[in-house]
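A quick write-up on the structure given underneath.
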Amino acid sequence: MPMSKAREIAFGALMAAMMFAVQVGLSFLPNIELVSILVIVSTVAFGRITLMSIYAFVLVEGLCYGFGIWWMNYCYVWLILYVIARIFRRCSSRLVWALICGGYGLAFGFLCAIPYGFVGGPYAALTYWVSGIPFDLIHCVSNFVIALVLFSPLCRVCRQIAGRPPAD
C-alpha cells in the first residue's frame with residue numbers, strides 16, 4: 001500500500017531533519033558523514049520523496065551556515081547522488097552500494113570544485129580540488145565502510161516504513 005501524501009511529506013521532513021542532525025553531530029570528524037547513505041537509502045525506499053528531503057536539508061544548511069559558494073555545490077551534488085541511486089535502485093548488493101557511496105565520496109571534491117571554476121577560473125577549481133584530495137580519500141573510505149555496514153539495515157527499516165516488501 002503506497003504512503004499517503006501527508007505521510008510522504010512528514011517522512012520527507014523527518015529525513016531532512018535527520019540528515020541535518022547527523023551532519024551537525026559528526027561535523028567534528030573530517031569528511032565522515034551519514035548524509036550520503038541516508039540519501040541513497042531514502043531514494044531506494046521512497047523514490048522522489050527524497051528530493052524534498054534533499055532540498056529541505058540544503059535549505060536548512062544554508063540558513064544555518066550561510067549561502068556561500070559551498071552552498072551552491074549542495075544544490076547539485078546531492079541531486080547527482082539521488083540520480084545515481086535512482087538508476088541502481090533495484091540493486092540489493094551492499095557491496096555495490098558501498099562502492100557507489102565510496103566513489104561518490106572520492107568524487108565529492110571534484111564536483112564541489114565546479115563553481116570555483118566559474119568564479120575564479122580553471123586554476124581556482126583545480127587548486128580547490130587538488131588541495132582537498134586527502135579529505136576526498138577519507139570521504140571515500142568512510143562512505144564505503146558506512147554503506148557496507150548500514151545499507152541493509154537502514155534499507156530494511158525504510159522499506160517497512162514505506163510499506164514495501166523487503167528487497168532480499
Open item on the list: Given the criterion in a helix (DSSP H, G or I), closer than 23 Å to W71 by Cα and modelled with pLDDT under 95, identify the matching residue among F118, F135, F110.
Closed with: F118
TODO: Could you tell me which residue of the range 83-95 is most open to solvent (accessible area, probe 1.4 Å), considering only residues that are among the small types (G, A, S) and over 15 Å from L38 (Cβ atoms)?
DONE: S92
TODO: State yes or no: is A85 in a helix (DSSP H, G or I), over 24 Å from V145 (Cβ atoms), touching a Ser or Thr at 6+ places or on another chain (Cβ under 9 Å) and modelled with pLDDT of 95 or more?
DONE: no
TODO: Could you identify the single residue in I37, I9, I80, I54 that is touching a helix residue (DSSP H, G or I) at 6+ places or on another chain (Cβ under 7 Å), surrounded by fewer than 17 Cβ atoms within 10 Å (Cβ to Cβ) and not aromatic (F, W, Y)?
DONE: I80
Open item on the list: Checking N31 against (1) in contact (Cβ under 8 Å) with a residue 24 or more places away in the chain; (2) within 13 Å of the chain's Cα centre (by Cα); (3) not in a loop (DSSP other than H, G, I, E, B): exactly one of these is not met. Which one?
Closed with: (3)
Open item on the list: Looking at A45 and the list (1) at pLDDT 95 or above; (2) surrounded by 20 or more Cβ atoms within 10 Å (Cβ to Cβ), which single condition is not satisfied?
Closed with: (1)
Task: Residues of the range 35-71 that turn out to be in a helix (DSSP H, G or I) and either among the charged types (D, E, K, R) or in contact with an Asp or Glu (Cβ under 6 Å, 6 or more places away or on another chain) (or both), as a count - done: 2
Task: Any chance A98 is crowded, with 19+ Cβ neighbours inside 10 Å and under 23 Å from T43 (Cα atoms) - done: yes
Open item on the list: Checking Y74 against (1) out of contact with any helix residue (DSSP H, G or I) (no Cβ under 8 Å at 6 or more places or on another chain); (2) closer than 30 Å to V119 by Cα: exactly one of these is not met. Which one?
Closed with: (1)
- [ ] Identify, from the list L14, L59, L29, L63, the residue that is open to solvent by 50 Å² or more (accessible area, probe 1.4 Å) and within 13 Å of I161 (Cβ to Cβ).
- [x] L14
Task: Residues that are open to solvent by 60 Å² or more (accessible area, probe 1.4 Å) and in contact (Cβ under 8 Å) with a residue 12 or more places away in the chain, drawn from the range 109-136 - done: F110, I114, V119, L126, Y128, W129, I133, F135
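The values are calculated or read from the model by the stated rules, or taken from the named source; none is laboratory data. All of these numbers come straight from a predicted model, not from anything done at the bench. Every residue, glycine among them, receives a Cβ derived from its backbone with ideal geometry; neighbour counts consider all protein chains shown. Accessible surface is based on the protein model in full, side chains and every heavy atom, while ligands, DNA and RNA are left aside. Shrake-Rupley method; radii C 1.70, N 1.55, O 1.52, S 1.80 Å.
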